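The structure appears below as C-alpha cells.
The values are calculated or read from the model by the stated rules, or taken from the named source; none is laboratory data. Predicted model, so just to flag it, every value in this text is computed and none were measured. Heads up, the Cβs are rebuilt from the backbone with ideal geometry, glycines too, and the neighbour counts pull from every protein chain shown. Calculation scope for accessible area: heavy atoms of the full protein, side chains included, ligands and nucleic acids excluded. Shrake-Rupley method; radii C 1.70, N 1.55, O 1.52, S 1.80 Å.
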2 protein chains.
Amino acid sequence: MPDGLVDAFWEYERALMSDDVPALDRLFAPGPTTLRGDANGLLVGHDQISAFRSGRGGAPQRRIVQTHVQTVDDDHALVIAVTELERGGRGQQTQFWVRTSDGWRVTAAHVSVPAPAIDTRIWRVIGDPLVAPTGSGPLDGESVAVKDLYAVQGQRIGAGNPAWLADARVEPVHARALELLLEAGASVRGITRTDEFAYSLAGTNAHYGTPPNPKAPLRISGGSTSGSTSAVSLGHATIGLGTDTGGSIRVPASYQGLYGIRTTHGAASAYALLPLSRSFDAVGWVTRTPELLRQVAEALLPAGPRSAASELVSVPGLTAIASEEVALVVDRYAAEHGAMRESWDLSDLPDWLQAFQTLQAWEAWQERGAWVAPRLDELGADVRGRFEAASLIDDARAAAARRLVDEAGARIRELVGDRVLMLPSAASVAPLIGEGLDAVRTANMSLTCLAGLAGLPALSIPRSTRAGLPVGVCLVAGPGRDRDLLDLAIDLG
Amino acid sequence: MPDGLVDAFWEYERALMSDDVPALDRLFAPGPTTLRGDANGLLVGHDQISAFRSGRGGAPQRRIVQTHVQTVDDDHALVIAVTELERGGRGQQTQFWVRTSDGWRVTAAHVSVPAPAIDTRIWRVIGDPLVAPTGSGPLDGESVAVKDLYAVQGQRIGAGNPAWLADARVEPVHARALELLLEAGASVRGITRTDEFAYSLAGTNAHYGTPPNPKAPLRISGGSTSGSTSAVSLGHATIGLGTDTGGSIRVPASYQGLYGIRTTHGAASAYALLPLSRSFDAVGWVTRTPELLRQVAEALLPAGPRSAASELVSVPGLTAIASEEVALVVDRYAAEHGAMRESWDLSDLPDWLQAFQTLQAWEAWQERGAWVAPRLDELGADVRGRFEAASLIDDARAAAARRLVDEAGARIRELVGDRVLMLPSAASVAPLIGEGLDAVRTANMSLTCLAGLAGLPALSIPRSTRAGLPVGVCLVAGPGRDRDLLDLAIDLG
C-alpha cells in the first residue's frame, strides 16, 4: 500500500460524511480532466464536480464494508470500496488516486448506490403492469407511461399537483385513448408526472422535481409531458402518452431526442382526459422509433387514406427563431431532404402568439379557476403566475383573441397547404437546470403555436447538435394528415 | 494513449456485445484480485466473474458515446466510458487496464446502467405513495411494503402467482392490519412479491425471480416474505409487512440481517389476509431497527401489561441443528447475555415437525386445493410438489397430526414457560442462489416449527458471522408476550 493513501481515503470519507465541501474539493484533483460519475451522469472537470457538490446538500450516510486496493506504483492506486447505506442497501465506489506535490488526489470516481424503489420525479404509480392489456394486436408487448391527466380506472388523476390529487375521485373508467391502447395489446406501466395542469413546457414541477434527461444529464426534461418522456428515454416504457396544447409533446421530445407527435386537433379522443385549453389540447405520444410512433396512431386515430408524397418547405424566418446550434441542425436536415426554402410574412406572428396565449389562459381559467383561485399558494411559482394572469382576462379580450386565433389558423393552413413545413420543434437545446426559462418559453411558443393555432398535426424527429445534444426537427402538415407525417418520418429515416 | 489499449478496449466491447464469454474471460485478468461490480454487488476474483458471465446470457446492447482515458504509464490506464443502452438511458463503465505479457487485461471494472422503472423481483405495484395515511400517530413518515397476501383496497391479491392474480377480484377494503398501520400514520409504498401462496421459505419465486439480498449479493433472499424483506433491506420502505406460518418472517429476516417478528398466533388481525394454514398463520413484519419493530406492534397488537424481565435460556440441542458458523454466533450471543444452557429432550422433534408439516399441508389444500388442482402446471416446481403431496393427505391423517400438534404445542409452552428461548432463526446463512434447498428447508423448519406449533411470538435479531454474512438470533416467549420480546430486543441492543 503506498504511503499516505489509506489516510487520504479515510480523510475523503470523513469529509463526505460531514459534507465538508472545501475538503472534498481539495481531495479531487484540479483541472478539466477529473471525472465523477453516478446514476445522474458523468461530470467532467473539477468545476462541474465542485458545482454538483455545493448544490446537493451532502451524500447519503454510509459505512465502508469492504475495500480493495490495486496499487500501480508509489504514486498511483485504484481503490474500490463497497458501501452500506444507512437508509438501506449497498453501493460501490471506485476511485483512482494519484499522488501530487500537494498529496493524494482523486482523478476519477465512479459511485453507485441502490436506486430508489420508484423514481418519483418520473412516476406517481407504477406496476408490473399497472393495467394489463384487454386485447391483443399491433401493440402486443408495448408498455405505456400515462401522463397524469388521463383517467386510469381505479386511480385518481393527479395533474401534477398534490392538492388536486388529494381532492380527486377514483376514476370509474379508463380514458378512451388508454382503452384503445389496451385493446391493441399494450399494457400500462404506470402514471407519470406532468407540469401542474400541463401549464408549462419545462418539466420543472415544483412539487415532484424535474425528471431526468438521460441524453443531457444537466439539463431540464421539457414538459409538460415530462414524466412520460423521461420514462421512454430511460426504457421504463416504450410509449409515452401525453398531451400537447402549446408544445407539451414537441418540446420534451426535442429536448430528450425522442420521436413525438401532436395529433390533429380533435382527431384522437380526449374523453376522460383533464383539459387545459380545449381549443388547443391535442392527444400526443413519444416513442424511441418512428415505427412505433406510427403503430400507436393505428390504435388512436381514425383510419384514413394516405396522400401522395408531400413537398417539404422550410421557412428561414421560423428557423431563425431558434438558437444558432438548433437552426444549423434544422437547416442541414432540410437541405439534405430537399426542402424548398420559402419566405413567409411573419409580421403577425407576435400577435398570433399573444392571441394563442390569451385564449389558452382564458380557457384554462374557465376550467380550473374555481379550484385554483383559493389555492394559489399550492402552485409552483411559474404555473401560479400563469393562472394569476389568466384570472385577469375578461371575456371581451378572450373573444378578440379567439377571432385572431381563427384568422391566424386559416392563414397558417393556407400557407402550409398540401405541403409539409419543416421547422425547429423547440427554439433551443434543453436549457441547463436552473437557467431562466421565460425567454425560452416565448421563443418555443413562437414556433409551437403555429400547429396549435391551426389545429395541425406536428411530428418531432430527433437529431443532435455537433456537441451531441438532442434537437427536434418538426414536421407540420394539413389537418388530418397525421398518417402522412408518420409515414414521412419513417421514410426520412 | 498507450500502444494497443484502444484496440483492447474495442475488442472487449465487441466481445461484450456478442456475449463472447471466452474472449471476455480472456480480457479480464486472471487471479483472485480481479474485480467487477455492478448494482448486484462486487464480484471478487476471475472465477466469480466468469461464473457470472456464463450465467447471465449477455449484456444489454449499448453503444459508447464518450470515452475518457487517464494514462498512468505505458502499461496502466483507466478508461471511463459513457454508454447509451439500446433499451434507453445512459450508463457508465470504469475499467482499469494493465498490460501483461499476454496483452492488455482489465483488473477492475465498475458498471452502471439505469435501474429499471420497478424492480419486479421485489414489487408488483408501487406508488408515491400507493395508499396515503388515513391518520397521524407513531408511524408518521413510515412506509409499508405489503406482502401480496394482504388486501389493499382497489388492488387485487396476487399471492405470488400470475394465474391467481388474473383471476383475483379488486379488493373492496383494506386488510385490518393495513388499516391500523394507515391510521397510525404510515403510508403504503406498494405490494411486494411473495413465494407462491407463501408456501416456501426461499423467496425463489418461479415467475418473478428471487428478490435481491443486499448484504449477501450471491445468496437467496429467504421467503415467503421475500419482497417486503428486500424492500426494507434496500430502504425502499421502512416496514415490511408479511406473514409467518413456518418461518416466513424469521428466515428472510435472518438471511438479510433485519429485525423481524412473528406475533402470537391470533394476536394480530388476519382479516382480509389470504390464508395458507390457519392453525399456524401469524401476522409479522420486518424493520431495520428494534425501535420501529416495537412501534409497529403498538398499532397492530392489543394493549397489554409487560412482564418483568425474563430469564434467557438456550438449548444446545436446538442450536446444534444449525450450521457451525450460525451456531457459533448464537452461542456467543447467548453467552454474552447470560442465557442459561438447558438440555431438552428433543427426541420427539422429528415427529412434531412432521405433524406441523402435515397439518399445514392439509389446511393449505383445504384453502387452495380447488383452485390449484386444475392449475398445477401454473405453479413453480417447489410449490407444486408441496401441493401435490398435500392433496394426498386424508382427513384421518390430518386429525392425527392435529392431535400431535396440540400435544407438542402444550409441551413447548411448558418448556419455555415464563422464560425466553434463544435459538437460531434459521439453520444456516442464506444459501447461494442455485444451491439445493430441500435439506435447508427441513433444518429451518425443525427450528421454526417450535413457535408455530405452540402459537408463540418469535423475534429475530440480526447478527453476523465472522465472514460478515447475516445470521438471525431468535427469541421465543410464551403466548401474548410479544411486547416483552420487543422490549427485550431493544435492551439487548
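Just so you know, the Rg over Rh for chain B is 1.03, from Cα atoms, with Rh as the Kirkwood radius. A Cα-only calculation for the range B:379-424 places Rg and Dmax at 15.9, 42 Å. Given R0 = 60 Å, the distance between the Cβ atoms of residue B:67 and residue B:400 translates into a calculated FRET efficiency of 0.25.
Over all Cα atoms in the range A:5-112, the spread is summed up by Rg and Dmax: 13.0, 38 Å. For the range B:423-435, the Karplus equation 6.51 cos²θ - 1.76 cosθ + 1.60, evaluated at θ = phi - 60°, returns couplings of 8, x, 5, 9, 7, 8, 5, 4, x, 5, 4, x, 5 Hz by residue, with Gly and Pro reported as x.
Placing a label point 7 Å from the Cα of residue A:325 along the Cα-to-Cβ line, no residue of the range B:78-95 has its backbone N under 11 Å from it. The range A:307-372 and the range B:32-63 have Cα centres lying 50 Å from one another.
Comment: the Cα-to-Cβ extended label point of residue B:304, at 7 Å, lies 7.0 nm from its counterparts in the other copies, nearest first.
In the range A:307-381, what GluC sites (Glu not before Pro) fall in a loop by DSSP, with at most 16 other Cβ atoms inside 10 Å? Could the numbers behind the result be given before it?
Numbers: sites: A:311, A:324, A:325, A:336, A:342, A:363, A:367, A:378; in loops: A:311, A:342.
Those satisfying the criteria are A:311, A:342.
Both the radius of gyration and Dmax for the range A:105-252 are 15.8, 60 Å, in that order, over alpha-carbon atoms. Ligands, DNA and RNA aside, residue A:33 has an accessible area near 100 Å² when probed at 1.4 Å.
Exactly which GluC sites (Glu not before Pro) in the range B:406-493 are in a DSSP loop and have at most 13 other Cβ atoms within 10 Å? Each step should come with its number before you reach the end.
Values: sites: B:407, B:414, B:435; in loops: B:435.
Passing sites in the range B:406-493 are B:435.
Remark: label point of residue A:169 defined 7 Å out from Cα along the Cα-Cβ vector; separations to the same position in other copies 2.3 nm, ascending.
The C-alpha radius of gyration of the protein assembly as shown, expressed as a fraction of 2.2 N^0.38 Å, stands at 1.02.
List the trypsin sites (Lys or Arg not before Pro) in the range A:368-475 that DSSP assigns to loop (not H, G, I, E or B) and whose Cβ has at most 14 other Cβ atoms within 10 Å. Which are they?
Passing sites in the range A:368-475 are A:466.
For the range B:173-191 versus the range B:8-24, the spacing of their alpha-carbon centroids is 49 Å.
Percent of alpha carbon pairs in the range B:50-143 separated by more than 16 Å? Present the calculation step by step, with values, prior to reporting the outcome.
Values: 3160 of 4371 pairs.
The proportion of pairs with Cα distances above 16 Å equals 72 percent.
Rolling a 1.4 Å probe over the protein heavy atoms of chain A, with every protein chain left in place, gives an accessible area that is 51 percent carbon and sulfur.
Can you give the charge dipole size of the range A:5-112 about its Cα centre, rounded to the nearest 20 debye, using +1 on the beta carbon of Lys and Arg and -1 on the beta carbon of Asp and Glu? Please list the in-between numbers first.
On the way: 11 positive and 14 negative charges, 76 e Å.
Here the range A:5-112 has a charge dipole of around 360 debye.
Scanning chain B for long hydrophobic helices, with DSSP H runs required to stretch 20 angstrom or more by C-alpha along their axis and to average at least -0.5 on the Kyte-Doolittle scale, returns B:349-372, B:395-416, B:438-454.
Find how much the distance from residue A:134 to residue A:26 grows on full extension, using 0.36 nm per residue of separation minus their present alpha carbon separation; answer in nm with one decimal. Can you show the working numbers first?
On the way: separation 108, 0.36 × 108 = 38.88 nm, distance 5.84 nm.
Extending this stretch completely gives an extra 33.0 nm.
Mind putting a number on the dipole of the range A:118-493 about its Cα centre? Charges go on the C-beta only, +1 for Lys and Arg and -1 for Asp and Glu, and I need it in Debye to the nearest 20. Don't skip to the answer; put the middle values down first.
Working: 33 positive and 42 negative charges, 85 e Å.
The dipole of the range A:118-493 has a size of about 420 debye.
Here's the picture: charge each Lys and Arg Cβ at +1 and each Asp and Glu Cβ at -1 in the range A:137-212, and of A:185, A:197, A:208 the one pushed furthest to the positive end of that dipole is A:208.
Once the Cβ-Cβ distance of residue B:391 and residue B:169 is raised to the sixth power relative to R0 = 25 Å, the FRET efficiency obtained is 0.50.
Sorted into 10 angstrom bins from 0, the C-alpha pair distances of the range B:312-492 split as 9, 33, 33, 20, 5, 0 percent. Max-minus-min Cα coordinates of the range A:175-289 on each principal axis give 36, 30, 24 Å, with the largest extent listed first.
From helices alone, the protein assembly as shown scores -11000 deg cm²/dmol at 222 nm; the rule is -39500 (n - 2.57) for each run of n ≥ 4 DSSP H residues, then divide by the residue total.
For the range A:89-222, give me the percentage of DSSP beta bridges that are antiparallel, rounded to the nearest 5 percent. Each step should come with its number before you reach the end.
Working: 14 of 19 bridges.
Of those bridges, close to 75 percent are antiparallel.
Out of the DSSP beta bridges found with both residues in chain A, what percent are antiparallel (nearest 5)? The partial results should precede the final answer.
Numbers: 62 of 79 bridges.
That works out to approximately 80 percent antiparallel.
Each semi-axis of the equivalent ellipsoid for the range B:268-341 is √(5λ) with λ an eigenvalue of the Cα gyration tensor; in descending order they amount to 29, 19, 13 Å. Ranked from shortest, the separations from the 7 Å Cα-to-Cβ label point of residue B:6 to its equivalents in the other copies are 4.1 nm. Using a cut-off of under 16 Å, list every residue of the range B:242-262 whose amide N is near the label point 7 Å from the Cα of residue B:289 along the Cα-to-beta-carbon line. B:258-260, by backbone N distance to the label point. Let me make sure I get this right: for the range A:413-471, a, b and c are the square roots of the gyration tensor eigenvalues over alpha carbons, sorted descending. Under 1.5 in a/c it's rounded, otherwise prolate if a/b > b/c, else oblate. Which is it? Oblate. Annotation: the antiparallel percentage among DSSP beta bridges lying fully within the protein assembly as shown is about 80.
Chain B residue nearest the rotation axis toward A, with distance: B:115, 2 (Cβ to axis, whole Å).
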